[in-house]
Amino acid sequence: MLYATVIQIEILSLHYHLTKMKKLSIKDNGIGIDLKRNKEDLFGMYKTFNNNPDAKGLGLFLTKNQIDAMGGKIETESELGIGTNFIIYFK
């Protein structure tokens, strides 16, 4: 099945002088994620939150593990039907 929806992705990078942490924000206008329902499983291995047959559930898991290993953190903001914003803080 082909998906005809156009998803726009905005990437914004900022540096915080006080904490010496960099902030990378990756925002899309996709289907969004129901965080009330899926927050605990969001970064779990093989967890997917849509019916896309190409989804494997590895991307968020690998990203979170790498960010944690580098002493960073990742935050998520999302609204169903609006999109998702991942905010990554790293040294």
Matching option when the condition is outside any loop (DSSP other than H, G, I, E, B), in contact with a strand residue (DSSP E or B) (Cβ under 6 Å, 6 or more places away or on another chain) and at pLDDT 95 or above, among Ser78, Ser25: Ser78
Please verify whether Asn85 is closer than 21 Å to Lys23 by Cα, out of contact with any helix residue (DSSP H, G or I) (no Cβ under 6 Å at 6 or more places or on another chain) and in a strand (DSSP E or B), treating the condition exactly as stated. yes
Pairs please, first residue from the range 56-81 and basic (Lys, Arg), second anywhere and outside any helix (DSSP H, G or I) and exposed (fewer than 12 other Cβ atoms within 10 Å of the Cβ), Cβ atoms under 9 Å, 6+ apart in sequence or on different chains. Lys56/Tyr46
Specify the residue that is surrounded by the fewest Cβ atoms within 10 Å (Cβ to Cβ); the eligible residues are those in the range 46-76 that are in contact with a helix residue (DSSP H, G or I) (Cβ under 8 Å, 6 or more places away or on another chain) and β-branched (Val, Ile, Thr). Thr76
Residue in the range 15-45 that is nearest to Asn85 (Cα to Cα), counting only those that are touching a helix residue (DSSP H, G or I) at 6+ places or on another chain (Cβ under 8 Å) and surrounded by fewer than 16 Cβ atoms within 10 Å (Cβ to Cβ): Gly44
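The values are calculated or read from the model by the stated rules, or taken from the named source; none is laboratory data. Note that the structure is a prediction, hence the values are computed from the model and not measured. With ideal geometry, Cβ positions are generated from the backbone for all residues, glycine too; neighbour counts draw on all protein chains shown.
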